[in-house]
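Below: the structure, in structure tokens.
The values are calculated or read from the model by the stated rules, or taken from the named source; none is laboratory data. Quick caveat, the model's predicted, so the values are computed rather than measured. In this analysis, Cβ positions are derived from the backbone assuming ideal geometry, glycine residues included, and neighbour counts consider all displayed protein chains. Quick note on the areas: whole protein, heavy atoms, side chains included, nothing else; ligands and nucleic acids left out. Shrake-Rupley method; radii C 1.70, N 1.55, O 1.52, S 1.80 Å.
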Amino acid sequence: MEVGSEPTESNIVLAMQRVFYELQMSSEAVETNSLTRAFGWDKLDAFNQHDVQEFCRVLLDNLETKMKGTSEEKSIPNLFRGNMKSYIKCLDVDYESSRTESFYDVQLNVLGMESLERAFEAYTTSEILDDENKYDAGDYGLQRAEKGVKFVELPPVLHVQLMRFQYCGVEQKINERFTFPEKMNLATCSELGPMLTEDDCVYSLHAVLVHSGEFHGGHYVTYINVNLHESVLDDTVASKWCKFDDDVVSRTTTDDAIIFNFGGEKAMNTSAYMLVYVRDNAIDQVLAPIPDSQIPQSVSRTFEMERLHRNREKKKLEEEQLCMTIALVTPDMVASNHTFDLVDQSVIHDIIPHETVWKHMMTVELYQFVHDRLFEKSSLPKIDMFDSDEEAKQARNETLRRIKGNKFNFRLWRMTDVYSTDRTSAKLSSRLRPTDVIPCRSDKRLEQFLSSDFETLYVEFSNRKDQKLQDYDKTKDLLFFLKYYDTMTEKFTLIGHILVDMNRKFAFYRSTFCEMIGLSPDTELKYYIEHAPSFLEFIADPTRSSIGKIVDEQDGGIVIVEKAETSTEQKNSKAKMTELYLDVEMEFVQTFYNKRPDEVQFEPIIKRVCLDDKLTTVAESIGKHLNVDPKKILIWTRISANRFDPYFEDYSLQTCKLLMAKALHDPRLFKKYRVQYAIMPFDVEEITKLRTQSRLYWQLPSGNVEEITLFPPKEGLVSDLLAEAKRYYPFSEGGSGKLRLLQIGSSPLSNQRVYQIYAENTQIVEVDQRSMYKQVSFQALHCRIEEIPIDELDVSPGEFFCPVVHFDREPTKLFGVSFVIKIRNNELMTEVRDRLRRKLPDVSDADFAKYKFSLLSRDKLQLCRNIEFNDGEKVNLTDMANQTTGVPQVYIGIDHKSPNQHSNEATIRILN
């Protein structure tokens with residue numbers, strides 16, 4: 001079949017051809033991802049469990065539609081379509097009425113049937129129409145007649161669905177024992193003639209689809225007789241059954257495939273669900289092997305190209321797993337950094353070129369690689385590390401021999417953020433420093449020193465090009481970096497790196513530091529150690545403690561020096577670094593507790609904030625920018641690791657550190673924080689002192705139900721709660737403009753149930769509620785606010801509000817949004833029906849006609865009686881309400897299908 005011009009991703013025909021081509025040509029399990037993608041399914045759809053018979057039907061319909069107008073238009077019907085005749089034949093006169101219908105599968109009852117033969121017999125057994133059920137034969141009048149169905153044409157491939165899933169009061173799977181034969185003759189169920197001979201009725205079992213599990217879910221496996229073609233043509237050839245369980249295919253016995261799937265008490269809910277029979281006289285045509293030579297060249301070429309591409313991608317992935325990515329940080333890069341640490345994370349990830357190297361390479365090869373990249377390109381031949389033939393191995397060994405004796409005037413360090421110190425109890429922000437030297441060896445693999453897929457390396461070379469790199473003795477040397485702080489310009493400059501003796505004092509290196517900076521050798525200096533961006537330590541006496549003791553003998557230390565004569569208490573390295581650390585850019589974004597219909601959101605505000613400032617300062621800054629009273633600015637702060645909530649307490653008691661994304665600020669990672677704020681209609685301090693934070697729901701004019709939070713007075717009434725809601729509610733045009741409060745069930749978004757309408761003079765503390773987060777000022781009300789329909793504003797004597805609920809088959813299975821309807825004593829029930837119809841504007845007339853109505857008891861939602869809405873029938877309010885309390889004793893229940901499926905199997909849709 002031609003694949004058409006559809007895009008490859010959505011081309012179902014091409015995807016089907018691909019699956020069958022791979023099944024024939026591949027020795028591995030065939031993936032079906034391209035097929036499910038062609039269906040228009042995402043990953044979640046593909047993992048949903050679907051009914052196999054429904055899926056088969058939908059797929060065949062889709063293919064048949066795509067074949068229309070092509071040379072293959074009749075392929076699907078010629079394989080799977082049969083015809084059956086429904087007839088009524090008079091017994092005493094020569095008259096018969098019949099209708100022929102096509103079928104693509106036969107659905108047979110399992111309940112009460114012990115075998116497939118018995119089920120087919122029951123399916124085609126006729127019944128006699130007699131006595132009061134006589135058939136109206138037109139001119140012949142009422143006649144005794146025989147009514148039934150017969151097969152008049154049987155397909156080459158017959159799909160039989162066993163109806164094991166039924167609704168028998170409750171949803172259940174029928175796992176009764178039900179036998180089926182390996183050989184079947186349907187002659188007794190058929191009307192033989194020129195279109196259907198007895199030979200056309202003989203079938204052999206080709207496949208058994210088995211379901212294990214319950215009604216709401218389980219697992220499908222398939223058993224296929226892969227040798228059916230040969231075994232039917234040659235009686236001496238035995239059947240060969242295989243079990244297909246996801247991507248596992250295994251040989252199995254005939255008994256395992258057939259007898260063990262009859263079902264029954266001992267079957268552990270495992271039984272055959274669908275059977276595939278092939279007509280014996282069509283087996284040679286349907287199951288004949290297809291030689292490779294008969295596969296169209298265009299098909300073979302397309303899928304072989306895809307296979308080559310997959311193999312290349314697979315090889316690429318395998319190679320990537322043997323590789324790692326490195327970023328090379330050089331002294332000139334760190335010299336451009338004028339703030340914290342050595343190099344900014346954004347520079348490493350966004351600016352520095354990333355190189356790919358082989359994990360198994362020798363470290364000397366890495367040195368040669370870095371030399372070629374940063375210094376001078378060598379004349380050595382390029383070696384493919386993944387080429388495993390003997391010639392490639394020899395070439396690599398020769399290259400190793402040539403570079404083994406090379407002396408490189410640089411040293412490679414692994415940069416890590418592993419650091420700890422006993423010199424402060426405060427938690428330190430992370431840092432990235434050179435910590436482990438990578439030796440230049442021809443007998444050490446790179447993976448012995450670098451373990452991550454991404455590594456940052458520092459390339460240490462001499463500060464002067466004409467100078468030889470100083471030797472490193474790890475027993476006494478430490479790699480240090482020197483920063484200079486100019487108190488006049490208030491700027492940090494990274495001068496360079498130096499190897500220091502961990503047993504020396506900083507005072508010993510004063511003249512060296514001065515020379516590196518360009519100061520007079522006798523310049524008095526002050527020394528600081530930058531342990532991390534959040535911790536700068538002043539070395540009060542540089543002649544006392546050894547360098548190794550100060551930095552816990554760890555490489556990658558940073559010493560900051562400044563001229564002592566210009567350093568003051570206000571102008572020094574530590575003060576400046578603290579100022580830089582606490583100075584943060586923040587983006588303030590307006591949010592809403594409940595947005596008014598006419599309210600327009602302000603543009604985000606970008607401001608620099610000192611983390612030590614109080615939240616009061618932020619509120620005042622936002623208020624001044626927006627010309628809003630700062631007392632009405634509500635700010636969201638960090639409560640836990642990833643949770644931000646509005647802060648209702650005294651802003652003067654907390655600093656801006658509560659606005660950070662993490663408990664510890666890292667200026668190298670967080671360049672800007674995003675903070676939410678809201679403008680309240682009252683002072684924020686009222687929330688804890690005078691108001692109660694109440695979470696409840698409201699129903700919008702569109703019918704959608706949403707959660708809201710309101711702040712009524714602590715000692716307020718329901719009328720105060722409604723007045724607060726009125727600030728924000730989007731009233732419908734031409735509506736009443738008035739609200740009411742309804743008590744609802746505890747799961748309001750999924751299982752709504754209205755209990756009563758609260759009077760406006762009800763105290764809020766008397767409303768059904770539960771405390772939230774153990775806070776007295778925070779409560780959840782089991783309530784819903786809605787606009788009162790105009791015709792329900794007034795309630796006259798003899799009128800009553802009755803709750804209405806939706807349920808699916810069983811009254812306890814509620815769904816949808818419950819509502820109330822006004823009922824008048826002695827009014828016609830047909831008027832109640834019309835009022836219900838107006839309450840459901842989104843329901844079509846055809847669907848509404850299918851709805852069933854009933855009265856349900858209030859306490860246990862039990863069925864009291866069905867409502868027929870008969871002409872002349874009137875409402876008896878006495879039977880529907882408790883006249884003492886006014887609380888309804890019954891609900892009106894609407895029985896109809898839930899939008900949610902009755903099982904875990906969603907409706908199958910093929911979108912392309």
ask   = What's the local net charge at N642, with K and R +1, D and E -1, over the other residues with C-beta under 14 Å away?
value = +3
Neighbour cut-off at most 14 other Cβ (10 Å), DSSP loop, GluC sites (Glu not before Pro), segment 781-875 = E868, E873
request  = Please list, or write none, the aspartates and glutamates whose alpha carbon is within less than 20 Å of the alpha carbon of K315, excluding same-chain residues fewer than 8 places away.
outcome  = E22, E28, E31, E304, E306, E355, D384, D387, D389, E390, D453
request  = On a C-alpha basis, how far is the centre of segment 555-582 from the centre of segment 611-669 in Å? Whole number, if you could?
outcome  = 28 Å
inquiry  = Suppose only helical runs count, i.e. DSSP H with n ≥ 4. What mean residue ellipticity at 222 nm does that imply for the chain under -39500 (n - 2.57) per run, divided by all residues and rounded to the nearest 500 deg cm²/dmol?
reply    = -6000 deg cm²/dmol
message = What number comes out for accessible area per residue over the chain if the probe is 1.4 Å? Units Å², please.
response = 53 Å²
ask   = For a label point 7 angstrom out from the Cα of L142 toward its Cβ, which stretches of segment 62-102 have the backbone nitrogen within less than 18 Å?
value = 89-93
inquiry  = Give me log10 I(q)/I(0) at q = 0.10, 0.13, 0.18 Å⁻¹ for segment 227-353, Debye formula, one equal scatterer per alpha-carbon, no solvent.
reply    = -0.69, -0.88, -1.13
ask   = Is segment 174-240 best put as rounded, prolate or oblate by its Cα gyration tensor, with a ≥ b ≥ c the root eigenvalues, rounded for a/c under 1.5, and otherwise prolate when a/b is larger than b/c, oblate when not?
value = oblate
query = What is the ratio of the Cα radius of gyration of segment 471-567 to 2.2 N^0.38 Å, where N is its residue count, to two decimals?
reply = 1.01
request  = Using label points projected 7 Å from each Cα along Cα→Cβ, tell me how many nm separate S545 and K726, to one decimal.
outcome  = 6.9 nm
query = P(r) tail for the chain, what percent of Cα pairs lie past 40 Å?
reply = 67 percent
query = Which stretch or stretches of segment 526-543 have amide N atoms under 12 Å from the point lying 7 Å from K662's Cα along the Cα→Cβ direction?
reply = 533-534
request  = Quickly work out the K672-to-E306 label distance, labels modelled 7 Å from Cα along the C-beta direction, and quote it in nm with one decimal.
outcome  = 4.5 nm
query = What residues from segment 96-112 fall in the zone where the backbone N is under 18 Å from a label point 7 Å along the Cα-to-C-beta line of S212?
reply = none
task = Quick one: work out Rg over Rh on the C-alpha atoms of segment 578-724, Rh as Kirkwood radius.
result = 1.01
ask   = Could you list, bin by bin from short to long, the percent of Cα-Cα pairs of segment 101-255 in 10 Å steps?
value = 9, 28, 32, 20, 7, 4, 0
Rg/Rh ratio calculated on Cα atoms of segment 693-895 (Kirkwood radius) = 0.96
task = Run the quick spin-label model on R99 and V628: label points 7 Å from Cα toward the beta carbon, then report their separation in nm to one decimal.
result = 6.7 nm
query = Which aspartates and glutamates have a Cα lying under 12 Å from the Cα of K671, excluding residues fewer than 8 positions away in the same chain?
reply = D344, D583, E585, E587
request  = Determine the share of the chain's accessible area contributed by carbon and sulfur atoms, expressed in whole percent, with a 1.4 angstrom probe.
outcome  = 48 percent
